[in-house]
Amino acid sequence: MPPSRDSFGLALAALRRRLRLGVDAPGAALPINLIAAELRLSSTPVREALSRLAGEDLVEKRGPAYTRPHLDGPALAELYHLRLLYLAAALAPDAERRAKHRQWPPRAPFRFAADLAEPAHDPAAILEALFLEIVLGADDLMLAQAYQRTAERLAPFQPIEAQLFADLSAEALGVVSAFETGNGAALRSAVRSHHRRRMGAAHAIARLAGGGKYRPDIV
């Protein structure tokens with residue numbers, strides 16, 4: 001019998017969260033039976049969910065085992081560059097003009113600057129939401145899907161960025177201010193600077209990320 005949709009959905013959501021948190025070290029095997037036991041599921045929905053995630057490049061399949069992808073410095077820099085290209089496409093003047101002619105349901109406005117002012121704010125999470133809003137603003141489904149796959153692959157490295165850069169709040173405020181004032185040139189410049197900084201630090205980020213290990217209390 002195939003796994004129920006509820007079991008599959010639970011396994012998929014738990015694994016997505018696990019990958020975003022960087023629970024396992026890059027290149028480490030994902031312990032299917034242990035994860036299944038922690039979720040109180042059989043191994044079948046966990047394996048099916050891993051297969052889905054492999055199709056999204058969020059995990060790798062090596063023989064019968066699934067592993068968290070291992071990205072070295074150059075590969076990580078390329079991934080940052082790819083996200084920058086998607087954002088640049090969404091911010092291109094012609095993309096903005098095309099979006100104005102489409103009839104899409106309006107989205108509730110975000111309060112990025114207000115969120116940054118909160119005491120417990122997370123600059124990385126706020127910028128992640130802002131970048132997604134930029135891409136969704138282009139009203140291009142294929143672009144949004146490609147962008148989100150890349151963003152999910154970069155998510156585990158956000159805590160590492162916080163270890164290297166002490167001015168993340170100020171950096172985020174620069175991007176947010178350009179977005180909320182509608183200054184397209186300033187926003188494109190801030191987004192480029194944000195990504196080029198991380199591309200330049202990709203070797204250090206990848207090296208620090210390699211220090212993770214499996215923690216069974218996360219899933």
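What the table shows:
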quantity: Cα→Cβ-extended label distance, 7 Å offset, between Ser43 and Lys61, nm; calculated: 1.6 nm
quantity: Karplus-derived 3J(HN,Hα), 6.51/-1.76/1.60, for each residue of the stretch 146-156, Hz, glycine and proline x; calculated: 5, 4, 5, 4, 5, 4, 5, 5, 8, 3, x
quantity: Solvent-accessible area, 1.4 Å probe, carbon plus sulfur percent, for the stretch 113-191; calculated: 59 percent
quantity: 5 angstrom amide H check on Tyr66, placed H, neighbours 5+ away; calculated: Leu30
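The values are calculated or read from the model by the stated rules, or taken from the named source; none is laboratory data. All figures in this text were calculated on a predicted structure; none of them were measured in a lab. Methodologically, a virtual Cβ is constructed for each residue, glycine included, from the backbone with ideal geometry; neighbour enumeration extends over all protein chains shown. All accessible areas refer to the heavy atoms of the entire protein, side chains included, with ligands and DNA or RNA removed. Shrake-Rupley method; radii C 1.70, N 1.55, O 1.52, S 1.80 Å.
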